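Notes follow the structure.
The values are calculated or read from the model by the stated rules, or taken from the named source; none is laboratory data. Computed from a prediction, not measured in an experiment: that's the story for all the values here. No Cβ is skipped: glycine too gets one built from the backbone with ideal geometry, and neighbour counts run over all protein chains shown.
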Amino acid sequence: MDLRESFWNQKYESGDMGWDIGYVSTPLQEYIDQLHEREQHILIPGAGNAYEAEYLLANGFTHVVVADISSIALRNFSSRVPHFPKEHLLHRDFFELDGQFDLILEQTFFCALAPSLRDKYVEKMWQLLKPNGKLVGLLFSIPLNEDRPPFGGNRKEYEELFSGKFHIETMEIAYNSVAPRRDNELFISLRKK
């Protein structure tokens, strides 16, 4: 399966973005609304159109980094949010990122990676987080595709996957998902061990 930049650029060029709801998802918006420390360093990997980054910036968060493998996704975001700091837009493969973050937001990135990369994803998230840093977001809680993204899973799989590196503070069906995803998303809040 070839999920390199050309695959994702083609998705953005063709408008084939079924994952894109056009705004920050309600669970993440409500989580962001509860954050009081505006100076924390936040990463959004595989950010796509990065509505979460736009929302964070509009609410006074100044240390937000957006990363994506697709140059088109980053260009689209930069055009839509021209005042977002260009040095905080990283055109990079997630597994090549470095830095240390207080918080990483997960929104449809995990499900875009081949399942064979899930252990590597957990290790990389652990590396990118500062001590006691948090990985927060949404994971699909349904079986999805086996031959192309989005890839799904279930709570039991995710608990086994993350529990070695993270304290699982929350992993529950999101009560406030957007209608098409209702009862199909787990809201996660994981703290680095």
Options Leu161, Leu117, Leu103: the member that is surrounded by 14 or more Cβ atoms within 10 Å (Cβ to Cβ), touching a strand residue (DSSP E or B) at 6+ places or on another chain (Cβ under 7 Å) and outside any loop (DSSP other than H, G, I, E, B)
Leu103
Those residues that are surrounded by 14 or more Cβ atoms within 10 Å (Cβ to Cβ) and small (Gly, Ala, Ser), I need them from segment 164-185; list them, please.
Ala174, Ser177
Anything in segment 135-158 that is outside any strand (DSSP E or B) and in contact with a Leu (Cβ under 8 Å, 6 or more places away or on another chain)? List them, or say none.
Ser141, Pro149, Pro150, Phe151, Gly152, Gly153, Arg155, Tyr158
Which one of Tyr55, Tyr51, Tyr31 is farther than 18 Å from Phe95 by Cα and at pLDDT below 95?
Tyr51
Of the residues Ala67, Ala47, which single one is touching a residue at least 24 places away in the same chain (Cβ under 8 Å), assigned to a loop (DSSP other than H, G, I, E, B), crowded, with 21+ Cβ neighbours inside 10 Å and under 14 Å from the mean Cα position of the chain (by Cα)?
Ala47
Scanning segment 70-88 for residues that are more than 24 Å from Glu30 (Cα to Cα) and within 16 Å of the chain's Cα centre (by Cα), the one surrounded by the most Cβ atoms within 10 Å (Cβ to Cβ) turns out to be Ala73
Flag for Leu3 being modelled with pLDDT of 75 or more and either surrounded by 12 or more Cβ atoms within 10 Å (Cβ to Cβ) or under 21 Å from His91 (Cα atoms) (or both)
no
Give segment 72-94 a look and list any residue that's under 22 Å from Phe7 (Cβ atoms) and touching a helix residue (DSSP H, G or I) at 6+ places or on another chain (Cβ under 6 Å), or say none.
Ile72, Ala73, Leu89, His91
Name the one entry in His41, His63 that is touching an Asp or Glu at 6+ places or on another chain (Cβ under 6 Å) and of a type outside the set (A, V, I, L, M, F, W, C).
His41
Could you tell me which of the residues Leu89, Leu113, Leu135 is without any contact (Cβ under 8 Å) to a residue 60 or more places away in the chain and under 22 Å from Asn184 (Cα atoms)?
Leu135
Looking only at residues that are exposed (fewer than 15 other Cβ atoms within 10 Å of the Cβ) and in contact with a Phe, Trp or Tyr (Cβ under 8 Å, 6 or more places away or on another chain) in segment 138-158, which one is modelled with the lowest pLDDT?
Leu144
